[in-house]
Amino acid sequence: MKMFTVTVSEIVDEARDIKSFRLVRSDGGPLEPYSAGAHIDVMGPTEVVTQYSLCSPPHRTDSYLVAVKRENGARGASAALHDRVGVGTELRISPPRNLMSVVPGADHHVLVGAGIGLTPMLSLAFALHAQRQPFDLHYFARSREQAAFVDLLEESEFAGRVHLHLGVTRADQYQILERALSDLTGASHVYTCGPEDFMARVRTLAEPAVGEDHVHVEHFEAAAPVDTDADVPFELELDTGEVFEIPVGASIAEVLEANDIEIDTSCREGICGTCVLDVLGGTPDHRDNCLTVGEKKAGDRIAACVSRARSPRLIVELP
Ligand code: FES
């Protein structure tokens, strides 16, 4: 995985347990432009790589902004960013990667973020506003104290499109979501990020109106574990003609690496999309949380770090 060094130029306490980090290239050069909804891998003091959405306006290439919530998982990576990183600290990051972007031509876009799940919605909102596309942004947080970027949202040029839902009960949350998603058509698109059960609720409410391909979900967790008892070995054929057996208990990525065939990986949990390969033949058994419903149905891409095959042989193209 290609990573480069950045320096933290600013740290802001955005909310309880949420800090934002502004990152600039350590060599002083401009950063790669990115499209709204992108995320980067960040390697902090623990050397554990974690993914964070870019939440600055996408056209800005002088710096990237990420917001980090202190959490218990990822072997203390977020706590280390909170506690051991200051202005001037150098971090390693990957170039931006995009798993969720604005779909052109929609009659309406509805962005629904909960908690730290606001962050990918922010860059989407900046982009939709710049493109003069019709959108609404709904942001759910437990309280104003725990809600990041509220001042920025209230002072933004698109403040009239922002709907804050702070401290609402679970029952109220359902009704608010129902209302927010009630006037959609088959030409509308819905984008969501937040806890898994929250996103499942958004999906359930939105899909009947817009169709499952028009609901875009950004996960920051691995998919629920599947029962692996029925797993069987399968053959992996590369576009070069080489064939490898993928045994039970090993991933495509692991077998390729063991045979000195390099593929980029990062999270190795099916979240980040770094290891995704094109499928030329066979049927994938998707176990990731990074491909969209449409991509999984099409079966022409596979996350090599977690997914397997339903067919005896899978043919893939190396990047
Ligand atoms: S390495 Fe992240 S999805 Fe495979």
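Tabulated data for the structure shown
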{"quantity": "Residue match in the stretch 249-266 (condition: within 16 Å of the ligand (Cβ to nearest atom), assigned to a strand (DSSP E or B) and either surrounded by fewer than 17 Cβ atoms within 10 Å (Cβ to Cβ) or touching a residue at least 24 places away in the same chain (Cβ under 8 Å) (or both))", "calculated": "no"}
{"quantity": "Residues that are in contact (Cβ under 8 Å) with a residue 12 or more places away in the chain and either within 11 Å of the ligand (Cβ to nearest atom) or among the acidic types (D, E) (or both), drawn from the stretch 229-241", "calculated": "D231, E235, E237, D239"}
{"quantity": "Failed condition for V279, given (1) away from the ligand (no atom under 16 Å from the Cβ); (2) of a type outside the set (S, T, N, Q); (3) more than 18 Å from the chain's Cα centre (by Cα); (4) crowded, with 16+ Cβ neighbours inside 10 Å", "calculated": "(1)"}
{"quantity": "Boolean, V226 is more than 15 Å from the ligand (Cβ to nearest atom), over 15 Å from I302 (Cα atoms), surrounded by 18 or more Cβ atoms within 10 Å (Cβ to Cβ) and touching a residue at least 24 places away in the same chain (Cβ under 8 Å)", "calculated": "no"}
{"quantity": "Unique residue being near the ligand (Cβ under 10 Å from one of its atoms) and part of a strand (DSSP E or B) when the list is I302, I315, I271", "calculated": "I302"}
{"quantity": "Enumeration of residues in the stretch 128-145 that are more than 21 Å from the chain's Cα centre (by Cα) and closer than 13 Å to V168 by Cα", "calculated": "R142, S143, R144"}
{"quantity": "The stretch 172-192, residues that are polar (S, T, N, Q) and either assigned to a strand (DSSP E or B) or closer than 29 Å to R70 by Cβ (or both)", "calculated": "Q173, S188, T192"}
{"quantity": "Pair list, Cβ under 8 Å, 6 or more apart: the stretch 288-299 residue closer than 20 Å to R268 by Cα, other residue within 16 Å of the ligand (Cβ to nearest atom) and among the basic types (K, R)", "calculated": "L291/R301; E295/R301"}
{"quantity": "Conditions (1) away from the ligand (no atom under 14 Å from the Cβ); (2) not in a loop (DSSP other than H, G, I, E, B); number of the one not met by K296", "calculated": "(1)"}
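For (1) over 19 Å from H214 (Cα atoms); (2) modelled with pLDDT of 90 or more; (3) surrounded by fewer than 18 Cβ atoms within 10 Å (Cβ to Cβ), each residue gets a yes or a no:
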residue: L31; (1), (2), (3): yes, yes, no
residue: S53; (1), (2), (3): yes, yes, no
residue: P58; (1), (2), (3): yes, no, no
residue: V66; (1), (2), (3): yes, yes, no
residue: E90; (1), (2), (3): yes, yes, yes
residue: A106; (1), (2), (3): no, yes, no
residue: A125; (1), (2), (3): no, yes, no
residue: L128; (1), (2), (3): no, yes, no
residue: P134; (1), (2), (3): no, yes, yes
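The values are calculated or read from the model by the stated rules, or taken from the named source; none is laboratory data. Everything quoted here is computed from the prediction, not taken from an experiment. When we count neighbours, we look across all protein chains shown, and the Cβ atoms used for this are built from the backbone with ideal geometry, even at glycine.
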